[in-house]
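Scroll down for the structure; my scribbles are underneath it.
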Amino acid sequence: MSYFQKANDLYNTKDYKKAIAMYQRAILDKDNEAASLYNAAVCFIKLKEYDKAIPLLKSAIIKKHEAKYFFNLGYCHAMLGNNKKALIYFNTAWSLDNNDNDCEKAINLIMKNYIKKVQD
């Protein structure tokens, strides 16, 4: 069994810290590298360690342009209070998959809050 598969098994049991360690080994072995980077980032998101997820997501994006990679990068920035960057990444995700209702909701929520601040 590969490190990537072991990491997925750990992720599925919600053992995110051990999953991260296995994904890191998979990354070193170039085993599903983009997916390993992304999945490790998602583990950090589950642990609410958004600042640790961001560089992994950026590395995953270099390997592969997937809407979910950009969406989660936007989510991390939103959770850290950086709505400008969040909007950029949510819009990029939505441009890659304009059927993603979550992107549209996230964009609308940020814009609604921004408009509300401007009006106050």
Is it true that some residue in region 94-115 is basic (Lys, Arg) and within 22 Å of Asp51 (Cβ to Cβ)?
no
For region 30-66, which positions are loosely packed, with under 15 Cβ neighbours inside 10 Å and of a type in the set (Val, Ile, Thr)?
Ile62
For a quick check of your reading of the model, give me the residue pairs whose first member lies in region 36-64 and is among the β-branched types (Val, Ile, Thr), whose second is in a loop (DSSP other than H, G, I, E, B), with beta-carbon atoms closer than 9 Å and at least 6 apart or on different chains.
Ile54/Leu80
Across (1) farther than 30 Å from Gln5 by Cβ; (2) at pLDDT below 90, Asp31 clears everything bar (1)
Asn72 of a type in the set (S, T, N, Q) and assigned by TED's automatic domain parsing to the domain that holds Glu104
yes
Tell me, yes or no, whether region 73-89 has at least one residue that is buried (at least 16 other Cβ atoms within 10 Å of the Cβ), without any contact (Cβ under 8 Å) to a residue 60 or more places away in the chain, among the polar types (S, T, N, Q) and assigned to a helix (DSSP H, G or I).
yes
When residues of region 35-81 are filtered for being closer than 14 Å to Gln24 by Cβ, out of contact with any Ser or Thr (no Cβ under 6 Å at 6 or more places or on another chain) and of a type in the set (A, V, I, L, M), how many remain?
7
Quick one: which residue in Asn99, Asn108 is free of Cβ contacts under 8 Å to residues at least 12 places away in the same chain and not in a helix (DSSP H, G or I)?
Asn99
Lone qualifier among Lys30, Lys58, Lys48 - being assigned to a helix (DSSP H, G or I) and out of contact with any helix residue (DSSP H, G or I) (no Cβ under 6 Å at 6 or more places or on another chain):
Lys58
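The values are calculated or read from the model by the stated rules, or taken from the named source; none is laboratory data. The structure displayed is predicted, hence computed values, not measured ones. In this analysis, Cβ positions are derived from the backbone assuming ideal geometry, glycine residues included, and neighbour counts consider all displayed protein chains.
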